[in-house]
1. Identify, by number, the condition in (1) out of contact with any helix residue (DSSP H, G or I) (no Cβ under 8 Å at 6 or more places or on another chain); (2) open to solvent by less than 20 Å² (accessible area, probe 1.4 Å); (3) in a loop (DSSP other than H, G, I, E, B); (4) closer than 22 Å to residue 9 by Cβ that residue 134 doesn't meet.
2. Consider segment 156-181. How many of its residues are touching a Lys or Arg at 6+ places or on another chain (Cβ under 8 Å), of a type in the set (Val, Ile, Thr) and either in a helix (DSSP H, G or I) or more than 15 Å from residue 94 (Cα to Cα) (or both)?
3. Does residue 97 satisfy the criteria of being within 21 Å of residue 122 (Cα to Cα), part of a loop (DSSP other than H, G, I, E, B) and at pLDDT 95 or above?
4. Go through 9, 47 for me and flag whichever is farther than 27 Å from residue 83 by Cα, of a type outside the set (D, E, K, R) and open to solvent by less than 30 Å² (accessible area, probe 1.4 Å).
5. Does residue 90 qualify as being of a type in the set (Val, Ile, Thr), open to solvent by less than 30 Å² (accessible area, probe 1.4 Å) and more than 14 Å from residue 136 (Cα to Cα)?
6. Of the numbered conditions (1) over 25 Å from residue 154 (Cα atoms); (2) in contact with a Lys or Arg (Cβ under 7 Å, 6 or more places away or on another chain), residue 77 satisfies every one except a single condition; which is it?
7. May I ask you to list pairs of residues, at least six apart or on different chains, whose Cβ atoms are under 9 Å apart, with the first in segment 1-30 being over 12 Å from residue 72 (Cα atoms) and the second being in a loop (DSSP other than H, G, I, E, B) and charged (D, E, K, R)?
8. Residues that are over 16 Å from the mean Cα position of the chain (by Cα): list the strands (runs of 3 or more DSSP E) wholly contained in segment 3-88 that include at least 2 such residues.
Amino acid sequence: MREYCIRPAGLQDVDGARAVMLDTVYRDLGSGYVPGWHRDIIDPVTAYLTPDRHTLLVAVAGERGASGEVVATAALDSRGPAHPPNPRHVAERYPVGTTAQLRRVYVRPEHRRRGLARRLVAELLAFAVADGGYRSVYLHTDPAVEGAEAFWRSLGAVVHDEREEADGGQGIVHFDVPFDALLPAYLAPRSRTTGTGR
């Protein structure tokens, strides 16, 4: 079984992380690079490495990960979903500053089905809890990406599915993820609540 090292990204990881993210938006999302949506991909240092309350994690192939290839990414920021393009009620529910927004949870195809996304999300949730200022965890996903919707449904609750709008919206599904979503069952509180209102 292949070994992976998951760690906060350093400057040495930026090019590899950017490559994973760009490959994903072109190949899996089919949108390609859109400046209004993907500015953080081009400048992950400003988006994730510099702000104290933000983070970018990488999964690096290899036992120690020191010089291996970046094969997966996951990020968290405090910006919350903007309106537009997201529905107003979603933006109001997840305000800037108190919302930990999960972003860029991307795994290269040849490294999928090995638990990397779950491990990365677990680390992001731990980061959000340690911060102490986040009150909810939010993300949105494109259900056209194979496996994405099922993965997020296994961790959180749908708060808005744009496919149910009269015009189909952007086709995006918005999720609330509990802070304890990835705790082992024997450690999780008896009453699992969503992150909102924590």
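The values are calculated or read from the model by the stated rules, or taken from the named source; none is laboratory data. The shown structure was predicted, so the numbers you read here are calculated from the model rather than taken from an experiment. Glycine also receives a Cβ, built like all others from the backbone with ideal geometry; neighbour counts cover every protein chain displayed. Side chains included, ligands, DNA and RNA excluded: accessible areas come from the protein's heavy atoms. Shrake-Rupley method; radii C 1.70, N 1.55, O 1.52, S 1.80 Å.
1. (1)
2. Here the count works out to 0.
3. The answer is yes for residue 97.
4. The unique qualifying residue is 9.
5. Taking the combined requirement at face value, the residue does not satisfy it.
6. Every condition holds for residue 77 apart from (1).
7. Short answer, once both residue conditions are applied: 1/114; 2/114; 3/63; 3/64; 28/142; 28/146; 29/142; 30/142.
8. 4-8, 55-61
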